[in-house]
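Q: Dropping a structure here in structure tokens format, bear with me for questions.
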Amino acid sequence: MLSIYGDLHIHIGRAAGQAVKITASRQLELKSILYRDAPRKGLEMVGVVDAGTLPVSQELEVMLETGELQELRAGGFLARNGVLLIAACELESIEGVHWIIYLPGLENLREYQRFIRSRVHNMQLSTQRIRISSKELVNLSYILEGILCPAHAFTPHKGIYGSWTDSLKTAMGSDYRQLRVIELGLSADSDMAATIKETRAFAFLSNSDAHSADNIGREYNRFRLNNKNFQEFKYSLENIQGRRITANFGLDPRLGKYHRSYCLACSTISTEAPPVSQCHRCGSNRLVMGVYDRIAAIQDQEEPSHPAGRPPYYYRVPIKQLPGVGPKLYEKMLNYFENEITLMEGADQADIARIAGEKIAALIIKMRKGRLPIIPGGGGHYGKVQKNSD
């Protein structure tokens, strides 16, 4: 069995000379993700969620023609350097929430495009609102032999639990049972999600939702697969024949920009016990409800309840975001270690200290143990690792 790391939510800024994701870096391109950014981070599997746009699908076809990508019989696209590309489409349903459909091959992608062409305003741009309901999406993903996944499920910005419903079972009826996986998002972890009973039915993915090269791999997953292809990825989400997700790695939820409720009137991030629906400072109820507060409001059990086999969740902070790590030191560490994930997960403390100094080495070890002091985020403002955290 292979043990590989994957980030299954990465955006494209530009493809075929056209803008794709308006809020993403123009330097974020399909080829650079596969041949520069993924190896640099230590990722062997990436999900590009803008593959349904015309510019990205056009670029994907060109890379297939030139041999820079190979379409696999079992699904997925393999780059010459061994990075597996999972083609995916992020979209907004009529309920105003975001979903990702992971698709096995080029023909499935073309069929998706034919279906949405009359239901969307702009085929060039990513994450468009499509005239389709969540229930219809379940059926579409089945027809396309894909995997349907609610994106950043708990965030107040377009998350299924964060902005739409207290219960998928209530909102979708029996169709919710067709879902196999949900994406946690940057402001939630496994324990938070598992205080909602119905999430026992889902595998959890921790993905970066990267809009820039630096943010690729800020959250990632470790998979046990028999081979690199789409079918094996699908098996891992369903724990079939030993294939599984063996670990989720993500930000401490307090680092997420929607972790706590945020007052729009006085710009205060809540610190009281959740759920907070009114600002303690100015009394306003004009709040962006935080993920922590939202989960506290809708949870149906106080303690998390995980099904057997659910992987552990490990808190991680991108190396560049650690206090004292500047661009030169970061490059020095990556020149010595194979990639960033190797540095974060496997490098010996003494080796790190020899390259970066005792203080940075100690910070990385603290990070592995989940002991970094955090200043919480909220309302679109990311949390931060506290400086002078000795």
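The values are calculated or read from the model by the stated rules, or taken from the named source; none is laboratory data. Keep in mind the model is a prediction, meaning the values are calculated, not measured. A quick note on method: Cβ atoms are made from the backbone with ideal geometry, for glycine too, and the neighbour counts reach across all protein chains shown.
Q: Would you pick out the residues in region 332-380 that are hydroxyl-bearing (Ser, Thr, Tyr) and in contact with a helix residue (DSSP H, G or I) (Cβ under 7 Å, 6 or more places away or on another chain)?
A: 336
Q: Give me the residue from region 22-60 that is farther than 15 Å from residue 80 by Cα and charged (D, E, K, R) and, out of that set, surrounded by the fewest Cβ atoms within 10 Å (Cβ to Cβ).
A: So, considering only residues that are farther than 15 Å from residue 80 by Cα and charged (D, E, K, R), the one surrounded by the fewest Cβ atoms within 10 Å (Cβ to Cβ) is 26.
Q: Could you give me the residue pairs with C-beta distances under 6 Å whose first residue belongs to region 70-95 and is on the phi > 0 side of the Ramachandran plot, whose second residue is buried (at least 19 other Cβ atoms within 10 Å of the Cβ) and assigned to a loop (DSSP other than H, G, I, E, B) wherever it lies, and which are 6+ apart or on separate chains?
A: Correct list of pairs: 75/104; 75/105; 75/229; 76/229.
Q: Picking from 165, 199, 268, which residue would you name as being at pLDDT below 95 and either closer than 25 Å to residue 25 by Cα or not small (Gly, Ala, Ser) (or both)?
A: Exactly one residue qualifies, and that residue is 268.
Q: Just a yes or no: is a residue in region 266-282 crowded, with 22+ Cβ neighbours inside 10 Å, assigned by TED's automatic domain parsing to the domain that holds residue 126 and in contact with a His (Cβ under 9 Å, 6 or more places away or on another chain)?
A: no
Q: Within region 332-344, track down each residue that is farther than 18 Å from residue 36 by Cβ, touching a residue at least 24 places away in the same chain (Cβ under 8 Å) and surrounded by fewer than 19 Cβ atoms within 10 Å (Cβ to Cβ).
A: Matches in region 332-344: 332 only.
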